[in-house]
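All remarks here apply to the structure that follows.
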Amino acid sequence: MIKVGIAGATGYAGAEIVKLIAGHPAATLTAVTSRSYKGRSMGEIFPAMKNIVEIECEDMDIDNLCKRIDCIFLALPHKISMGYAPLFLENNVKVIDLSADFRFKNASAYEAAYQKHSAEKLLKKSVYGLSEIYRNEIKNTDLLGNPGCYPTSFLLPVLPLVKEKLIKTKNIISDSKSGVSGAGRSLSLATHFCEANESFKPYKVGNHRHQPEMEEILSIHAGKNIKITFVPHLLPLNRGMLSTIYASVCENVTSERIRQIYEQYYGRKKSFVRILPDGFFPDISNVRNSNFCDIGFNLDNDSGRLIIASAIDNLLKGAAGQAVQNMNIMFGLDERSGLINIQGAL
Ligand SMILES: NC(=O)c1ccc[n+]([C@@H]2O[C@H](COP(=O)([O-])OP(=O)(O)OC[C@H]3O[C@@H](n4cnc5c(N)ncnc54)[C@H](OP(=O)(O)O)[C@@H]3O)[C@@H](O)[C@H]2O)c1
């Protein structure tokens, strides 16, 4: 059994990892940390977990934690994880970081969007945890930067098409919408019920920090600098994310060719990426509470315009689910261990 620790277990993403590890057939929940709930059990903090997960929250005492765990999930805010990750690595504990701190290869791109990096040398070694694309690298790493939720919903459908040169790299647009849990559990005016409920609006247009993350990964695979247009919106839902993506196809690219490439990348029987049949588009309610990413597309042959829609649960495939999928790969387990349910069916 893999002994697992979760730092930031009382946040939205951390609590989802707690639920997944509590039901995982090959992992044991050994430690959970929180500063504000120290000494209180998960069942007390989240009544839905009562009598199921009663482990108590503790401090981030690195020496003590490292003696007891094989793997730590850092479900902490950006800028905090980079201070802790090197300490766990020194003690041979594998690190899966959910923040942006280890997602970038280029420190200056990270620093332009966030702050000065204090563990810059580790960026070379960290692997970007987009499971379906980086599976081979993930197998051999002990430091993983789990992707952001918007980047997951955008890169899964777009990356194969860029890598295979099926779409033009200029003027790619991602019109993306996220449920409110994407902003985390701490209080802010924009996420108050009366501000978010029964409304719908774009936010951080032109300056959302997921944009440089998406651009860096696309650029690495294209071998040239790519800039995209990204417009995030706040949906009055607790969880769920849908990106509608617009791109122009290269000459002679057909709908059949696009489907063939998706099949090549995601056609494995046990894939978490489901390509929908022609004429079907994803629905957040079909992926909610699951680790799936559903993708549908339509190519307008007259204009050469490709429209793709991609839906995920921001807290699962966009955070905790993909993080556990990555743990499974890092420890040589079946990628779907602990991640299969059909709660999204109704
Ligand atoms: N929410 C999403 O949909 C989503 C998706 C993808 C990635 N992520 C990433 O996952 C990470 C966690 O996000 P979240 O939405 O779960 O945030 P959150 O709900 O605000 O939770 C943050 C957690 O970190 C702990 N924490 C806060 N400041 C800390 C500090 N200085 N030192 C140690 N612990 C600290 C908090 O507990 P205490 O204050 O009690 O210590 C809490 O448990 C973030 O980096 C986020 O970008 C989130």
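The numbers here are math on the coordinates, done by the rules we state, and not lab data. Fair warning: this is a prediction, and the values are worked out from it, not measured in the lab. Cβ coordinates were reconstructed from backbone atoms using ideal geometry, including for glycine residues, and neighbour counts include every protein chain displayed.
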Charge-dipole axis of the chain as Lys and Arg at +1 and Asp and Glu at -1 on Cβ define it, positive-most pick from N146, V253, M60: V253
Filter on K19/K124; K163/K204; K79/K170; K165/K201; K19/K116; K94/K204 - keep pairs with C-alpha separation over 30 Å: K19/K124; K79/K170; K165/K201; K19/K116; K94/K204
Considering only the stretch 150-312, percent of DSSP beta bridges that pair antiparallel, nearest 5: 75 percent
Cβ charges +1 (Lys, Arg) and -1 (Asp, Glu), total dipole of the stretch 233-346, debye: 380 debye
Straight-distance crosslink candidates among lysines, where the alpha carbon sits under 25 Å from K168 and sequence neighbours closer than 8 are dropped: K105, K177, K224, K227
Relative contact order (percent, whole number), the chain, Cα cutoff 8 Å, 6+ residue spacing: 17 percent
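I'd like the Kirkwood hydrodynamic radius of the stretch 63-140, using the inverse of the mean 1/r over distinct C-alpha pairs, in Å.
13.1 Å
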Helix-only mean residue ellipticity at 222 nm for the chain, each DSSP H run of n ≥ 4 adding -39500 (n - 2.57), per residue, nearest 500: -9000 deg cm²/dmol
Built amide H within the under 5 Å cut-off of R274, gap 5+: C293, D294, I295
Fewest-first ranking of I312, I52, I228, I69, using other Cβ atoms within 10 Å as the exposure measure: I52, I228, I69, I312
Isotropically averaged projected area of the stretch 150-312, using the convex hull of Cα atoms (one quarter of hull area), nm²: 10.1 nm²
FRET E, pair E251, I340, Förster distance 41 Å, beta-carbon r, rounded to 0.05: 0.50
For M1, M60, order by how many other beta-carbon atoms lie within 10 Å, fewest first: M1, M60
Relative exposure of F73, F102, judged by other C-beta atoms within 10 Å (fewest first): F102, F73
DSSP-defined beta bridges in the chain - what % are antiparallel, rounded to 5: 45 percent
Dipole moment magnitude, nearest 20 debye, the chain about Cα centre, only Lys, Arg, Asp, Glu C-beta charged: 360 debye
Top of H208, H233, H192 by mean-square fluctuation, Gaussian network on the chain, Cα under 10 Å: H192
Under Karplus coefficients 6.51, -1.76 and 1.60, residue-wise ³J(HN,Hα) of the stretch 202-207 in Hz, glycine/proline x: x, 8, 6, 5, x, 9
Rg followed by Dmax, in Å, when the chain is reduced to its Cα trace: 19.5, 63
Cα-only radius of gyration and Dmax that characterise the stretch 129-202, units Å: 16.7, 46
Counted charge near A22, where neighbours are those whose Cβ lies closer than 12 Å (Asp, Glu -1; Lys, Arg +1): -1
Residue of S131, S108, S290 that the Gaussian network model of the chain assigns the largest fluctuation, springs spanning Cα pairs under 10 Å: S108
³J(HN,Hα), Karplus 6.51/-1.76/1.60, whole Hz, each residue of the stretch 250-263, x for Gly, Pro: 6, 4, 6, 7, 10, 4, 5, 5, 4, 4, 4, 5, 4, 4
